[in-house]
Every structure is written in C-alpha cells, then in structure tokens.
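**Q** For reference, the structure I am asking about is given below.
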Amino acid sequence: MARLGRASSAAPVLAAVVVLVSLCLAALSEQEQLENLRFVRHAQDAPLVSSYNYIVIGGGTAGCPLAATLSEHSRVLLLERGGLPYANMSSEQHFTDALADTSPASPAQRFISEDGVVNARARVLGGGSCLNAGFYTRASNEYVRAAGWDARLVNSSYRWVERSLVFRPDVPPWQAALRDALLEVGVTPDNGFTFDHVTGTKIGGTIFDNSGQRHTAADFLRHARPRGLTVLLYATVSRILFKSQDGVPYPVAYGVVFSDPLGVQHRVYLRDGDKNEVIVSAGTLGSPQLLMLSGVGPQAHLEAHGIEVIVDQPMVGQGVADNPMNSVFIPSPVPVELSLVQVVGITRSGSFIEGVSGSEFGMPVSDGALRWARSFGMFSPQTGQLGTLPPKQRTPEALQRAAEAMMRLDRRAFRGGFILEKILGPVSSGHIELRTTDPRANPSVTFNYFHEAEDLERCVHGIETIERVIQSRAFSNFTYANASVESIFTDSANFPVNLLPRHVNDSRSPEQYCMDTVMTIWHYHGGCHVGAVVDDDYRVFGVQGLRVIDSSTFKYSPGTNPQATVMMLGRYMGVKIQSERWKK
C-alpha cells in the first residue's frame with residue numbers, strides 16, 4: 001500500500017487527468033449528418049456583406065437551440081468562432097492539439113484565472129456540451145421561480161431538449177457504490193433516476209447514448225428550418241455595430257463585424273424592421289468581452305483600451321463566479337469501469353457530491369500505436385492543470401513526454417475514481433476585464449474563490465461527507481482495507497491541480513484542503529446579470545436591438561450542473577422571441 005501511495009502522488013506531477021475522455025469526438029456518421037446540412041459553411045465562404053432577421057453570436061450550449069428555434073419562421077445567422085464538434089483527424093492528434101491548445105481548430109481554449117486556477121473555454125460548435133462530463137439535470141423549482149420564468153414554457157423547453165439528446169445512463173458498480181454510500185451516510189432520500197433537482201441522492205441524465213457516444217448542442221441544428229438558418233464556422237466577431245435612429249432615445253444595434261481565418265472582415269446587417277435583433281450567446285467570458293469591445297461597458301476601462309464608449313454600463317463583466325470544485329482520488333483494489341458523472345448527492349448543507357471513475361484513466365499516445373498512456377482524467381495536468389510547468393512550457397512534446405513517463409508507473413496507481421464536491425451558488429464572485437482589444441484573446445478573469453466564508457463552510461461540509469463515503473460499508477469494495485482517509489486526502493492534496501503555492505504539511509484541515517486543491521468544474525457564470533446588464537427579457541439596458549442569452553446572465557449556477565438549463569434557456573427564449581415577433 002505504501003508503494004501504491006507513492007505512485008499515486010507522484011504520477012500527477014508528471015502528467016494527468018482527462019474526464020474529457022470522450023472530448024469532442026463523435027462517430028463519423030454524426031459528422032456526415034451535420035456536414036450534409038448545407039446551411040453549415042466556413043466563414044471564408046461567406047459574402048463580404050449580408051443581412052438577416054437575427055444574428056446569433058456564439059454557437060454553443062444556448063446559441064444552437066436558440067438559432068434552431070428562431071429559424072422556424074425567420075432568417076437567422078449563427079456565428080461560431082470554432083469548428084465542427086467532430087474530429088477530422090486521428091483521435092490521438094485531435095486530443096493532443098485540444099489539450100495543448102496549439103491549433104486554431106482546437107475545441108478548447110485554456111485560460112488561467114487571476115486566482116491561479118486553470119480553466120477551459122469552448123471553441124467549437126456545440127460549446128461546452130462538447131467538453132463536459134455530460135451530466136444532465138434541471139434547475140430547481142425555486143430557481144425557476146426566482147428567475148421569473150414561465151414554468152409551463154420552461155417545462156416544455158426542457159422536454160424539447162430531452163427528446164433531442166438526453167439518455168438514461170447505465171450505472172456501473174463504482175457509481176452504484178457511490179450512490180449507496182451517499183444514502184448510507186445520510187444524503188437522503190433515494191430519488192432514483194430523475195432530471196429534477198431535489199435534495200437527496202439521485203441518478204441524472206446524460207448526453208452520452210447507450211453506445212457511449214457523446215451528443216452535443218450542435219444536434220439541435222437538425223431541427224432547424226434549412227432555408228431559415230446559416231451557420232458560419234471559424235467566424236470571430238470583433239464588434240457589434242450601433243447607430244442613432246430618429247425617434248429612438250438609445251443607440252440601436254444594426255449589425256456585426258466578423259473576421260474569417262484569413263483575416264478578411266465581413267459585415268452582417270439586420271434587415272429592416274424593429275423586431276430584428278443581434279443576440280449574444282458567447283458565454284460567460286465571450287459575452288461581456290464582446291459587449292466591452294463594442295463600447296458597452298465601464299467607461300474608464302473602455303477608454304483605457306481606446307474603445308469608443310457607446311453606453312457607460314459599469315456592471316458589464318461584474319458578478320462573475322465559478323463554483324469551486326474539490327476532489328479526492330480513491331485508489332481501488334479492483335478494476336473500475338470508465339464512468340463520467342451519473343450519480344449526485346444533493347446535501348442539505350449546500351454541497352453537491354459527484355464522482356467519476358476510469359479504467360486506468362487512459363489517454364491515447366500519439367505514436368500511431370494502439371497504446372494508452374495513464375492519467376487522471378479531468379483532474380490532471382494534461383488538461384492544462386500542470387502546476388509544475390509554466391503555461392508556455394505545456395507543449396505537445398511536454399505532454400507526450402509526461403504521458404510516456406506515466407506508462408512506466410505501476411498500473412495500480414491509476415485504478416480507482418474521484419469523488420468530488422461542488423458548492424451551491426457560490427456567494428463569492430469576481431469580474432472580467434479586457435486584456436487587449438483582440439477578440440481572439442481571452443479576457444482577464446478573477447473568480448475570488450472562497451472569498452466569502454459561507455462558500456468555505458459549504459466546501460468543508462462537502463469534504464466531510466466525502467470522508468464518510470470513503471469509510472462507508474457500501475463503498476468498501478473500492479477502497480484498500482489498510483488505507484486511511486487521512487493518507488488518501490494527503491495524496492490527493494499533492495496533486496498539482498492548480499497554480500497556487502503548495503503547502504508541505506502532512507495534515508491539513510478541511511478548510512485548508514478546500515483552499516489548496518480548488519479547481520474549476522467549468523460552471524462559471526455571470527458578467528451580464530439580469531437586472532444589472534439585461535432586463536427580464538434579456539435585452540441589454542441602454543441600447544436597442546440587442547440581447548444576451550446564455551450563462552453570463554445567471555447570478556447563481558442552476559442545479560448541480562448548468563448545461564440542461566442553458567440549453568433550455570436557448571429554446572425558451574427562442575419561443576418567446578418568436579411569439580413577440582408576431583404580436584402587433
């Protein structure tokens with residue numbers, strides 16, 4: 001056991017976690033189906049000038065269902081800065097490029113928050129649904145009421161999403177043991193399989209089908225009216241265009257400017273009519289960034305970057321939050337099947353307990369051979385969280401050397417699973433600022449993890465719940481009999497999952513464990529809050545003809561995992577905007 005402990009703590013220093021195991025790779029038949037939709041084009045093939053009823057910026061988790069819905073009765077342009085969510089090369093090379101972020105076609109763009117936590121920003125049609133763990137769960141009824149949404153339309157929009165790409169998972173023994181352990185330690189009742197967000201332990205939905213194939217928000221485009229939709233890939237929007245209009249007291253959005261990969265600028269205008277709109281669905285980072293690049297944001301900040309101020313809107317980029325995640329790796333004495341998030345424990349203390357396991361957390365080695373390196377899935381340096389190497393040194397070659405080094409380690413060090421916790425809310429929040437006026441660059445992001453004591457208290461409750469799960473009878477088949485909880489947490493605390501200074505003490509309080517091992521679970525939100533930047537119909541204050549519809553409008557992350565609600569919001573607002581269009 002001592003030898004195993006050393007291997008498990010040393011391995012992540014060399015390389016690591018990929019619960020992005022399926023990443024954006026889907027069956028060729030899926031690629032062929034999407035490519036056969038003739039409305040999907042490359043930005044280089046777009047005219048220099050064009051016009052539409054709606055211009056949707058961002059083909060992600062909200063943008064795809066929104067554009068598909070609006071296309072039913074209108075002419076819609078969907079602009080996506082990335083490519084298709086399916087590999088056009090070998091899976092090994094695509095995987096390496098995605099992690100190293102060296103290719104313009106990479107489906108993910110890494111960024112490191114000012115807090116020292118490495119994150120990922122989707123850059124692909126389908127957005128974060130191409131990169132996540134696939135878990136599907138609705139927001140709570142309380143969340144829906146607080147948002148002021150129409151509950152009936154919310155339910156029908158969720159059902160529309162679920163008919164398209166949500167499945168019931170097969171629950172393997174490791175996940176079943178986690179479920180039973182959660183119930184044993186008091187995370188009750190047993191809610192079985194449900195999409196609903198209710199206190200207790202449940203099995204949620206998944207966007208992976210029974211063959212293990214990932215489905216994404218791009219699938220919604222198959223419901224679009226072909227003549228009503230144009231999708232442009234590799235189209236980077238640099239700014240929204242505004243003009244003054246007689247009889248209108250505010251600047252009016254009338255189009256956008258985007259660049260194709262060759263640097264050629266294209267202009268797209270809204271067609272005549274006061275119901276036509278530009279809709280930003282570029283995500284928590286992209287939406288506030290684009291508003292600021294277009295002159296809508298804090299005046300002093302915009303002027304410092306030489307941007308003409310259209311509207312002084314100090315709340316753009318404020319209130320940005322990321323639900324902190326902490327995890328622990330539990331080595332298993334028996335083989336463990338590969339599984340992503342399927343079970344969740346929703347505690348009364350405000351923390352959510354989930355788990356992922358892996359058949360040695362394999363990742364492909366890019367040498368043409370059918371070999372699999374060993375890593376630790378999404379908790380690993382190979383997804384960009386290599387705290388021992390500066391970002392510029394995380395090259396494909398470095399990742400390859402790390403993967404090969406891990407091949408020499410004891411296989412038992414990679415046999416097991418992670419139990420993780422995420423907190424409700426969170427209460428702590430930060431802000432987004434521009435680093436540069438280049439729309440391709442990531443902005444500066446500060447999340448202020450655990451700035452508020454309430455968040456840290458919730459994390460501690462979550463860690464204490466995980467400790468009890470590890471010691472439970474239900475989970476005993478997947479733990480070594482002579483392994484102490486303290487040693488398991490000590491090993492996990494040594495994983496270089498972030499760029500924060502490492503503490504070398506052997507014993508850690510739960511509070512210190514939370515702060516030392518904080519990671520992202522990619523549930524960041526805010527920056528364009530309802531009531532601060534947009535109204536209840538997601539129209540941007542101070543201008544006309546412009547909305548923001550995505551996770552940047554959320555004050556708190558919905559449910560245990562937000563993707564279901566972000567997809568629902570795209571459909572929900574698409575239906576509402578359509579109905580408004582036909583009102584006199």
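**Q** Given R₀ = 22 Å, what would the calculated FRET efficiency be for Glu142 paired with Thr188, taking r from the Cβ atoms and rounding to 0.05? Show your work: numbers first, answer last.
**A** Working: r = 20 Å, r/R0 = 0.89.
Calculated value: 0.65.
**Q** Between Arg38 and Ser238, 0.36 nm times their residue separation minus their Cα-Cα distance comes to what?
**A** 69.4 nm
**Q** Probe 1.4 Å, all protein chains in place: accessible area of Ser140 in Å², nearest 10?
**A** Here the accessible area works out near 20 Å².
**Q** I want the local charge near Asp196. Using Cβ-Cβ distances under 15 Å, sum +1 for each Lys or Arg and -1 for each Asp or Glu among the other residues.
**A** Numbers: positive: Arg138, Arg145, Arg159, Arg168, Lys202; negative: Glu142, Glu162, Asp190.
Residues close to Asp196 contribute a combined charge of +2.
**Q** For the range 235-312, with every protein chain kept in place, what is the accessible area per residue (1.4 Å probe, Å²)? Could the numbers behind the result be given before it?
**A** Details: 3330 Å² over 78 residues.
Roughly 43 Å² per residue, with all protein chains present.
**Q** For Gly255, enumerate residues with amide H under 5 Å from its amide H, sequence gap 5+ or separate chain, H modeled in the peptide plane.
**A** Leu241, Leu270
**Q** Starting from the residue with the highest accessible area, list Lys583, Lys202 in decreasing order, probe 1.4 Å.
**A** Details: Lys583 130, Lys202 0 Å².
Accessible-area ranking of Lys583, Lys202, largest first: Lys583, Lys202.
**Q** Could you tell me the relative contact order of the range 496-584? Use alpha-carbon pairs under 8 Å, at least six residues apart, and round to a whole percent. Present the calculation step by step, with values, prior to reporting the outcome.
**A** Numbers: 71 pairs, mean separation 19.4, N = 89.
Averaging sequence separation for qualifying contacts and normalising by length gives 22 percent for the range 496-584.
**Q** Same structure again: Which of the lysines could be linked to Lys583 by a straight reach, that is with a Cα gap under 22 Å, when you skip same-chain ones fewer than 8 residues away?
**A** Output for Lys583: Lys275.
**Q** Can I ask one more? Can you give the extra length, in nm with one decimal, that the chain gains between Val49 and Ser349 once fully stretched, where that is 0.36 nm per residue apart less the Cα-Cα distance? Before the final figure, lay out each step's value.
**A** Numbers: separation 300, 0.36 × 300 = 108.00 nm, distance 5.44 nm.
So the extension gain works out to 102.6 nm.
**Q** Given an 8 Å cut-off on Cα distances and at least 6 residues of separation, report the relative contact order of the range 251-334 as a percent. It would help to have the intermediate numbers written out before the result.
**A** Details: 77 pairs, mean separation 14.8, N = 84.
So the answer I get is 18 percent.
**Q** Work out, step by step, the length gained on full extension between Arg435 and Gln512: first 0.36 nm times the residue separation, then minus their alpha carbon distance; give nm to one decimal.
**A** Numbers: separation 77, 0.36 × 77 = 27.72 nm, distance 3.13 nm.
That works out to 24.6 nm of additional length.
**Q** Moving on. Using a 1.4 Å probe, how large is the accessible area of Ile57, given in Å² and rounded to the nearest 10?
**A** Here the accessible area works out near 10 Å².
**Q** Continuing with this model, one more query. Round to the nearest 0.05 the FRET efficiency obtained for Val264 and Asp209 when R0 = 51 Å and r is the Cβ-Cβ distance.
**A** Numbers: r = 39 Å, r/R0 = 0.77.
After rounding to 0.05, the efficiency reads 0.85.
**Q** Can I ask one more? In square angstrom, rounded to the nearest 10, how much accessible surface does Ser487 have for a 1.4 Å probe?
**A** Spelled out: Ser487, probe radius 1.4 Å, area about 40 Å².
**Q** As an exercise, use a Förster radius of 35 Å and the Cβ-Cβ distance of Ala151 and Arg222 to find the FRET efficiency, rounded to the nearest 0.05.
**A** Details: r = 28 Å, r/R0 = 0.79.
The formula returns an efficiency of 0.80 here.
**Q** Here is a further query. Can you tally the net charge around Pro298? Count Lys and Arg as +1, Asp and Glu as -1, for every other residue whose Cβ sits under 13 Å from the Cβ of Pro298.
**A** On the way: positive: none; negative: Glu303, Asp312, Glu433.
So the surrounding residues net to -3.
The values are calculated or read from the model by the stated rules, or taken from the named source; none is laboratory data. These figures come from a predicted structure and were not determined experimentally. Note that we place each Cβ from the backbone using ideal geometry, even for glycine, and neighbour counts take in every protein chain shown. Remember, those area values only see protein heavy atoms, side chains included, never the ligands or the DNA or RNA. Shrake-Rupley method; radii C 1.70, N 1.55, O 1.52, S 1.80 Å.
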